[in-house]
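Scroll down for the structure; my scribbles are underneath it.
What follows is calculated from the coordinates using simple rules that are stated; it is not laboratory data. Just so you know, these numbers come straight off a predicted model, no measurement behind them. All Cβ positions, even for glycine, are placed from backbone atoms using ideal geometry, and neighbour counts span all protein chains on display.
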Amino acid sequence: MTLSRMKRILLKLSGEVLMGPGQYGIDPETCDRVAQEVKQAKDSGLEICMVVGGGNIFRGLAGAAQGFDRASADYMGMLATVMNALAMQNALEKIGVQTRVQSAIPMASVCEPYIRRRAERHMEKGRVVLFAAGTGLPFFTTDTTAALRAAEMNCDALFKGTSVDGVYDADPKKVPTAERYETLSFDRVLADNLRVMDASAVALCRDNNIPIVVFNIREVGNLVAVLNGEGVSTIVQNQAELTNA
């Protein structure tokens with residue numbers, strides 16, 4: 001998969017990425033570094049939209065485990081993603097990248113409401129669109145949001161930036177001999193419960209034929225390298241695409 005084959009991508013970042021070396025919150029230097037990589041990718045001619053999780057501030061499942069009502073906890077997590085989206089918007093606009101934040105929960109004083117046609121128009125004009133507040137509904141993860149928005153925006157691929165350089169047959173942080181997959185089928189991911197993304201997100205990408213590219217966003221310059229087919233990643237796609245590769 002190379003940059004020349006793609007016109008539009010969705011970049012999904014976990015909220016933890018924005019913590020940088022810290023244990024909580026938003027690290028401005030990390031936001032600036034990620035923004036520079038997004039700008040490089042955009043300058044190559046790509047149309048880019050983004051979804052950022054909220055785990056660096058508040059995670060709904062963790063809140064529910066501590067006694068919060070699950071729906072209320074999920075709404076709190078959605079608000080955390082708005083904070084992260086605004087942080088990334090600030091970092092991108094500081095370096096001259098026009099952005100728009102669209103929230104699934106209307107908050108007109110802060111950002112635009114999510115409107116699919118408007119988001120498409122923004123990207124056609126060269127703006128980076130950040131989708132915040134998840135789907136606007138509890139019980140859905142930001143992984144599912146990313147898959148949904150990638151389908152709605154007719155993205156050529158979903159790039160998931162994590163702290164590991166792909167999908168392994170075991171947790172590489174715990175099992176030194178774990179082996180990384182170069183490619184995987186969606187059905188294999190679901191059957192083996194490989195936890196690339198949650199099952200609903202994987203199924204949504206499978207049904208809409210949107211490849212998922214898992215890579216390490218913490219490695220400087222890795223986004224552009226992976227886009228150019230030079231970096232290390234795992235590509236998850238339909239079996240027919242794997243057969244024809």
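Quick notes on this one:
- Label-to-label distance for MET107 and ASN154 is 3.1 nm, based on points extended 7 Å past Cα in the beta-carbon direction.
- Dipole of the chain computed with +1 at Lys/Arg Cβ and -1 at Asp/Glu Cβ about the Cα centre; of LEU242, LEU184, ASN208, farthest Cα towards the positive end is ASN208.
- Taking 0.36 nm per residue of separation and subtracting the Cα-Cα distance, full extension of the segment from GLN66 to ALA191 would add 41.9 nm.
- Extension gain (nm, one decimal) between ILE95 and TYR24, 0.36 nm per residue minus Cα-Cα: 23.1 nm
- For the stretch 3-244, lysine pairs with C-alpha atoms less than 25 angstrom apart, excluding pairs fewer than eight positions apart on the same chain, total 23.
- Segment GLN40-GLU241, length gained on full extension (0.36 nm per residue, minus Cα span): 69.6 nm
- Computed helical MRE - 222 nm, the chain, DSSP H runs ≥ 4 contributing -39500 (n - 2.57), nearest 500: -11500 deg cm²/dmol
- Amide N proximity, the stretch 135-172 versus ASP198 label position 7 Å along Cα-to-Cβ, cut-off under 13 Å: 135-148
- Fewest-first ranking of ASP171, ASP32, using other Cβ atoms within 10 Å as the exposure measure: ASP171, ASP32
- Basic side chains Lys and Arg get +1 at the Cβ, acidic Asp and Glu get -1 at the Cβ, and with that the dipole of the chain about its Cα centre reaches some 600 debye.
- Overall form of the chain: rounded. Here a/c, set by the Cα gyration tensor axes a ≥ b ≥ c, is under 1.5.
- Label point distance in nm, LYS173-LYS7, each placed 7 Å from Cα along Cα→Cβ: 3.9 nm
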